[in-house]
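Only one structure is covered here, and it is reproduced in the block below.
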């Protein structure tokens, strides 16, 4: 695996103005991510995970610090960086293939090439035959597949995912995790995925960054040395459990004694 | 994480107004939908009651003409071309007013939706202007612009203005912030965001406003013609009244009704064409 950094964040801080002064969300966060790594960002809810992702996507300017993508300082949304949002965030008036094609349409790719590329991706995410279906007729999991295809159609170097499976039920979420790994093994993008699910993070990631409560700092940077390809069964191995335990401790889940 | 935006309190009133307007129009639909199958019966009942009223009250034709008298007056007015002439006058006033009112209101509504500052600055004036009944300023417009087409077009435009303005603001504001983020992350140009996101997302609410506007425009034209005109269906009503030709008044009233219904139907047709993606979702409101 090639580890030359594709993304580097240095001393990122974000403060939102509100009625009582300011809400300090991110506190001097620094890290580097190598190409083709799958990194999960884990943290308690409200810790600023999504804010961090929005900063990395160039949607939100940090109050301090700097993000570099392939050595270039980030000043706004950038080519080569694609985002998958928390809810599928599809346009309800566009069919599945029209939603997937949107990025190509904005780039002025001609209709024939766009159709070919979106067709490939519809197959890849397992939605063949659903081309002309409207989002309202899709289940949550299917809608999120469309969203992933819409991100991949841009052929990004970096894929940012904001709790992509957060709104799905546990069974669908596990399935989608498996599917994502399959897709990732084909495309080998660099992925930064925000999640609050410890098992999901261990199952998917090469490396997990754990954020603290607000203001968020990185409290643990853990490499997940579980060999790939990872089968579903890997979830039940002792080493998997050990990684999960370390992450749980870093998050500082409140002990409940009976 | 989404940060709560500070909402201007000035827009609350506008939003409430729009909600009331929406609720009223959706109520109209469900009533209409249920009534459709019964239409021949209700129509027969209506005509029967009309006859009974005339006979039971022994009413003279200039008080309440019978339906057949109205029909023959219609045939007469249609035959000598006068009905068509007056209808075309009113229709051009209505259409002119719609085009003017809708374009100004849409443009201003979009700007107000995009700029909190502009909305805070202008919305008190817009709300205040709406508390003046259009009927009250119609005479002024006739004094300033004469009894011709211009004054009527302006009155129609004024009456159409508000619902379109409000619905444009509400529609554009209701575009999900996440979809705006998506367009930004895809580096969409301003024009692409407008055309591919804001227009389709705001269209359902905007067309809801257009439905209301289309029927209001007919009222505007008649108000204008009552105040001062020498042609048009409103003028025809005045003539009929002056000559105790009550059947003619009814002919004009029914023509106006059909005109308003026709315009309303055109907007519904437009919705049918443009909002196909919503059809299943809101079958209740569009299906008839």
Of all DSSP beta bridges having both residues in the protein assembly as shown, the percent classed as antiparallel (nearest 5) is 55
Given the options A:21, A:126, A:43, which has the most mean-square fluctuation in a GNM of chain A, springs set between C-alpha atoms less than 10 angstrom apart? A:21
In nm, to one decimal, how far is the modelled label at residue B:261 from the one at residue A:68, with both set 7 Å along Cα→Cβ? 7.3
For chain A, give me the percentage of DSSP beta bridges that are antiparallel, rounded to the nearest 5 percent. 55
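When you look at the Cβ of every residue in B:181-194, what mean number of other chain Cβ atoms sits within 10 Å? Mind showing how you got there, number by number?
Working: counts 9, 11, 4, 6, 15, 13, 9, 6, 1, 0, 0, 4, 1, 0.
For peptide B:181-194, the averaged partner shielding equals 6.
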Segment A:8-85 versus segment B:182-229: alpha-carbon centroid distance in Å: 38
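As a test of the formula, what do you get for chain A when each DSSP H run with n ≥ 4 contributes -39,500 (n - 2.57) and the sum is divided by the residue count, at 222 nm and rounded to the nearest 500 deg cm²/dmol? Provide the component values of the computation, followed by the final result.
Working: 7 runs with 85 residues, N = 258.
Estimated from H runs of four or more residues: -10500 deg cm²/dmol.
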With only alpha-carbon atoms counted, please give the Rg and Dmax of chain A, in Å. 18.4, 64
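Among bridges DSSP assigns within segment A:132-252, what percent are antiparallel (round to 5)? Numbers along the way, then the final one.
Values: 5 of 10 bridges.
Beta bridges within segment A:132-252, antiparallel portion: roughly 50 percent.
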List, largest first, the extents of the alpha carbons of segment A:12-123 along their principal axes, each in whole Å. 51, 33, 25
For the protein assembly as shown, average projected area of the Cα convex hull in nm²: 34.8
Within a Gaussian network of chain A (alpha carbon springs, distance under 10 Å), most fluctuating of A:207, A:248, A:150: A:248
Go ahead and run the numbers for FRET between residue B:192 and residue B:254, Cβ-Cβ distance against an R0 of 56 Å, rounding to 0.05. 0.75
Which translational diffusion coefficient, to the nearest whole µm²/s, is obtained for segment B:10-286 from the Stokes-Einstein equation, given a Kirkwood hydrodynamic radius over C-alpha pairs, 10 °C and 1.306 mPa s? 76
Taking Cα atoms only, Rg over Rh for segment B:48-133 with Rh from the Kirkwood formula is 1.31
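Which whole number gives the average count of other chain Cβ atoms within 10 Å of the Cβ atoms across peptide A:100-108? Provide the component values of the computation, followed by the final result.
Numbers: counts 0, 0, 7, 5, 1, 4, 8, 3, 1.
Per-residue shielding by partner chains comes out at 3.
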Residue A:170 and residue A:187 label points (each 7 Å along its Cα→Cβ direction) are spaced in nm at 2.9
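If packing is taken as the average count of other Cβ atoms within 10 Å, what order do A:175-181, B:247-253 fall into, highest mean first? Write down the numbers at each step before the final one.
Values: A:175-181: 18.7, B:247-253: 22.7.
Final packing ranking: B:247-253, A:175-181.
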Could you state the orientation-averaged shadow area of the convex hull built on the Cα atoms of segment A:183-258, in nm² to one decimal? 6.2
For the pair residue A:123 and residue A:20, how long in nm is the line joining their label points, each one 7 Å along Cα→Cβ? 5.7
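Roughly speaking, what % of Cα-Cα pairs in segment A:95-149 are separated by over 15 Å, rounded to a whole number?
Here the long-distance tail beyond 15 Å is 38 percent of all Cα pairs in segment A:95-149.
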For peptide A:77-84, what's the mean number of Cβ atoms from other chains within 10 Å of each residue's Cβ? 3
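Sort the following peptides by mean Cβ neighbour count (other Cβ atoms within 10 Å, averaged over residues), highest first: B:178-186, B:259-267, B:43-51, B:232-240. Don't jump to the answer; show the numbers that get you there.
Values: B:178-186: 19.9, B:259-267: 16.4, B:43-51: 11.4, B:232-240: 22.8.
The packing order, highest mean first, is B:232-240, B:178-186, B:259-267, B:43-51.
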Cut-off 19 Å (backbone N to label point 7 Å along Cα→Cβ of residue B:273), residues of segment A:130-152: none
Using only alpha carbon pairs under 8 Å that are at least six residues apart, calculate the relative contact order of chain A and give it in whole percent. 25
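Read-outs throughout are calculated quantities, based only on the coordinates presented, and are distinct from any laboratory measurement. In this text, all values refer to a predicted model and were calculated from it rather than measured experimentally. Here Cβ is always computed from backbone atoms with ideal geometry, including for glycine, and neighbour counts include all displayed protein chains.
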